[in-house]
Every structure is written in structure tokens, then in C-alpha cells.
Amino acid sequence: MSNHKEDPAGQDIPTRIARVLREADRIAVTSHVRPDADCIGSGLAISAMLRQMDKDVAFCNTDPAPFPLTRLPGFESIQYRQIYPDPFDVLVLIEGSTEDRNGQKHLDHYRTINIDHHATGGSNADINWVCSGAAAVGELIYELGIKLGVAFTPEIAFNLYAAIASDTGSFKYSNTTYRSLFIASELVRLSGIEPSDVGELLFYSNPLEKVRLIQKVLSTLELTLGGRVCIIRFERNFLSHLTLNDIETEDIVSIARSILGVRMTLFFKEIGEGRFRISLRSKGELNAQQVARRFGGGGHDHAAGFFFEGDLEEARRKVLAVVKEQLS
């Protein structure tokens, strides 16, 4: 393995990545902890691309994905384990270039490729393709597929369409670009998949218990700072009579975000004793990422998050103080 990081300046990174993948025989893929549709769909798609090229591929994650992502084509191929010490020529890191982001240990034993669309995606891998202008990492995997010259089969196209549709809120969020819409239309043209099938799987497949959980979370809803900020919270005891995992609450914040007049939504999610994951969604000129960075987190301009150690009232007070700075 090379001990130096390759400098992307002035070079075509996707072409370089394609060359490295063509030369490799055994390739592992992993995505970030607490996986979402973008990283799972992208991981499944690139794995299918590499198998199409007769590569020996293992998609290994440390955290399971929530329903309905379990219904994505090829999902059963995902393994839940550490990659080390198995021998691989290359590791492809989807939205998670560090151990704390992907849960995989001993990354320094492998040649690594980091593909990410978060501005905080980092440069820890041997090759880093971090494009914050992409709405979803699925867009980058599509571009890589073009470089690799693979056929966009229904399996590949469905997973990439799901990745992009998820991270753009079914093409409703402000991160949706011409490129997002173009890639989505190309995936449909090349494979014949039905966009409505993807939408049905992602957005209209909630089990009854998920709706009941949404009901509990929304019962905590409060408006503050003149109705411009919405706060909702998740308590672990909400799951006491349900069979859901806490990760299946991640998309609830989008519902509160839709309230007219609300410019930022804060979702305080209890994940352990005195430990919270705080998700932020903003509109217009308000920047969720700037708030998250004040607490060591990151994300996108209008969608970000961070972890907080302490009690709920302390978290609420400190986060609202930073949000108030932006509002003023």
C-alpha cells in the first residue's frame, strides 16, 4: 500500500479511480455507520458494477440498514463484519473515510478510495473524490459507472435512482440540480426502471409501527423564536412497545420541516443515557451546517447533524443560542 495521499489537483479523479478499480482483483466496499438510502444504494450499485467486471467484491458494513432499504435490489449481498484482516487490493469508502464514520478498523492496511459529497468528507484516503456540489453520492457513482463503461442494469439503475431520490427528498430539496435530474432521467432511459417503483419503496412503504412512532415524535413538537424554529424530540422509551430500531426515525425531521414559516427544524434524538444525535434542517439563507460545525458536526448547508453529550435542556439551550445568532 502507498503511504502517501494522491493529490487530486488538476487531475481527473474519476478516471484515476476507474483505472485503479480495473487493475484490482479483490475489492471491498463499505459505507458510513447508521446507513441511509444514498450510501446503501450507492454501495449496492458500485458492487454490482464491479461484479459485472468480474471482480471479487464484498460489501461489508458495520451497522444494519433500516426498512425499507432492506428491499433494495441486491441488499441480501451486504455482509455485516469487519473487513480486516481479509486481503483486498482496494477498499471503496462510501461517505465514510475514517474509522469513526464507517466503523471499519485498520484502514491503513489497505489502499483506500474515498467517495463522498459532504463538504466535511475529508482527505484521509489514498484517493479522495469529495464533491460537495453533488446532491447525492449516487451521482458520483453514476459518473464512475460511465468511466468504467458498465451497463446500467435495472439493479444498478434502481439503486442509484433511490440514492439520488432519497437525498434530494424526491427532487424537492434545495440541493436538487440540473445534474440530479439529468442523471435520474438517464438511469430511467438506460434501464427502463419505473420512477414510481422507487418512490413507492422509499416513501410509501411505512409499516404501521413506523407511523405510530411518527405520531409520538410529532406529539413533542414545539415552535420557538417567533415560530421560525421547530423542535421535535425522540425518547428511547418511545420504542418500548414497538419492534423498530432507533435508526428508523431518521426521516421524521422532514415532516416538521414542512411547516409554513419554519426556517430551521431541530430534532433531538436520544440515543443513549445523556447522549443525543441532533439533526438540523434549514431553509433559505439559514445554514444548518454552520450550526452543526459549532458542535463538531457537519453535513450540508440545509441538512446537517452532530452528537451531544449532556442533558436535553442543556443541548436545547446551547443549540438555540447558536441558531438565534443566525436568525439575527
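The values are calculated or read from the model by the stated rules, or taken from the named source; none is laboratory data. It should be emphasised that the depicted structure is a prediction, and the values quoted were computed from it without experimental measurement. Cβ placement follows ideal geometry from the backbone for every residue including glycine, while neighbour counts extend to all protein chains displayed. Side chains are part of the model used for accessible areas, which takes the heavy atoms of the whole protein and leaves out ligands, DNA and RNA. Shrake-Rupley method; radii C 1.70, N 1.55, O 1.52, S 1.80 Å.
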query = On a 0 to 90 degree scale, rounded to 10, what angle separates helix 154-167 from the longest Cα axis of the chain?
reply = 30 degrees
request  = Could you order 32, 106 by accessible surface area, starting with the largest, using a probe radius of 1.4 Å?
outcome  = 106, 32
query = Against the longest principal axis of the chain, how steep is helix 37-52, in degrees 0 to 90 to the nearest 10, with axes from Cα atoms?
reply = 10 degrees
ask   = What are the ³J(HN,Hα) values, in whole Hz, obtained from phi via the Karplus relation 6.51 cos²θ - 1.76 cosθ + 1.60 with θ = phi - 60°, for each residue of the stretch 16-33 in sequence order, with x given for Gly and Pro?
value = 5, 5, 4, 5, 4, 5, 5, 7, 7, 9, 10, 10, 10, 10, 9, 10, 6, 5
ask   = Under the rule of -39500 (n - 2.57) per DSSP H run of 4 or more residues, summed and divided by the residues of the chain, what mean residue ellipticity at 222 nm is obtained, to the nearest 500 deg cm²/dmol?
value = -11000 deg cm²/dmol
query = Counting DSSP beta bridges with both partners in the stretch 195-328, what percentage is antiparallel, nearest 5?
reply = 75 percent
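Any chance you could run the full-extension gain for residue 174 through residue 25? It's 0.36 nm times the residue separation minus the Cα-Cα distance, nm to one decimal.
Length gained, residue 174 through residue 25: 49.7 nm.
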request  = Report the one residue of 18, 69, 203 whose Cα lies farthest in the direction of the positive end of the charge dipole of the chain (charges on C-beta: Lys and Arg +1, Asp and Glu -1; origin at the Cα centre).
outcome  = 203
inquiry  = What does DSSP give for the chain in terms of the percent of beta bridges that are antiparallel, rounded to the nearest 5?
reply    = 45 percent
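Taking 25 Å as the cut-off for C-alpha to C-alpha distance, list the pairs among 105/318; 105/172; 55/147; 283/318; 210/318; 105/216 that go past it.
105/318; 105/172; 210/318; 105/216
Report, in debye and to the nearest 20, how large the dipole of the chain comes out about its Cα centre when Lys and Arg carry +1 and Asp and Glu carry -1 on their Cβ.
840 debye
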query = Considering only the other residues whose Cβ falls under 11 Å of the Cβ of residue 274, what net charge follows from Lys and Arg at +1 and Asp and Glu at -1?
reply = -4
inquiry  = Below 8 Å, C-alpha to C-alpha, sequence gap of six or more: please give me the relative contact order for the chain in percent.
reply    = 13 percent
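What accessible area per residue, rounded to a whole number of Å², is obtained for the chain using a probe radius of 1.4 Å?
Each residue of the chain exposes 44 Å² on average to a 1.4 Å probe.
What's the carbon and sulfur percent of the chain's accessible surface, probe 1.4 angstrom, rounded to a whole number?
Working: 7170 of 14360 Å².
C and S atoms contribute 50 percent here.
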key: Net +/- balance of residues flanking residue 182 in space, Cβ distance below 12 Å, scoring K and R +1, D and E -1   = -1
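Just to confirm a number: summing +1 for Lys and Arg and -1 for Asp and Glu over residues other than residue 84 whose beta-carbon lies under 13 angstrom from that of residue 84, what do you get? Intermediate values should be presented prior to the final figure.
Details: positive: 81, 105; negative: 86, 99, 108.
Taking every Cβ under 13 Å from that of residue 84, the sum is -1.
Among 47-57, 313-323, how do they line up from the highest to the lowest mean number of other beta-carbon atoms within 10 Å?
Numbers: 47-57: 18.2, 313-323: 16.2.
In descending order of packing, they fall as 47-57, 313-323.
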message = On C-alpha positions alone, give me the angle between the axis of helix 137-148 and the longest principal axis of the chain, in degrees, nearest 10.
response = 10 degrees
